[in-house]
Amino acid sequence: QVQLVESGGGLVQAGGSLRLSCAASGIRFSGYGMGWYRQAPGKQRELVARVYIDNSTYYDDSVKGRFTISRDNAKNTVYLQMNSLKPEDTAVYYCNANLIGRGYWGQGIQVTVSS
């Protein structure tokens, strides 16, 4: 059974930092591209950042220079370090594991940034 479990969300003031973690089980973690998505109220889910199996990364323009995605294959965990948070970063953040033709989602975790 595949499980992706997010942690580290919460309430933070604008300008603050949070680190999200996503622990994976039931998959060969090192073979999956891992990503973080977010969904704000009334908006579609959007890709925030992705780390590929070769550790290359992609960031949405809205988070470049503020967020850092990383993975630890020994711990089957992907991280999202979020700095200089803004109120518009408020959303439910979802972890995603992706392999061609196969994808899995975590349950989501709330991040709220107050102004």
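The values are calculated or read from the model by the stated rules, or taken from the named source; none is laboratory data. Worth saying up front: this structure is predicted, and the values here are computed from it rather than measured. Using ideal geometry, Cβ is built from the backbone for each residue, glycine included, and neighbour counts are taken over all protein chains shown. Ligands, DNA and RNA are excluded from the accessible area calculation, which covers all protein heavy atoms including side chains. Shrake-Rupley method; radii C 1.70, N 1.55, O 1.52, S 1.80 Å.
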*asked:* With unit charges on the beta carbons (Lys and Arg positive, Asp and Glu negative) and the dipole taken about the Cα centre of the chain, which residue among Leu99, Leu20, Gln110 sits farthest to the positive side?
replied: Leu99
*Could you state the accessible area per residue of the chain in Å², with a 1.4 Å probe and every protein chain left in place?*
53 Å²
*Would you calculate the separation in nanometres between label points at Gln110 and Gln44, each defined as 7 Å from the Cα along the Cα-to-beta-carbon direction?*
2.6 nm
*Which value, in Å³ per residue, describes the convex hull spanned by the Cα atoms of the chain?*
97 Å³
*Hits among lysines - C-alpha to C-alpha of Lys43 under 25 Å, sequence gap 8 or more where chains match*: Lys64, Lys86
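Of all beta bridges DSSP finds with both residues in the chain, what is the antiparallel percent, to the nearest 5?
Percent antiparallel among DSSP bridges in the chain is about 90.
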*Add +1 for every Lys or Arg and -1 for every Asp or Glu among the other residues with Cβ under 13 Å from the Cβ of Glu6, and state the total.*
+2
*In square angstrom, rounded to the nearest 10, how much accessible surface does Asp54 have for a 1.4 Å probe?*
110 Å²
*Which percent of the accessible area of the stretch 1-97 is formed by carbon and sulfur heavy atoms (probe 1.4 angstrom)?*
45 percent
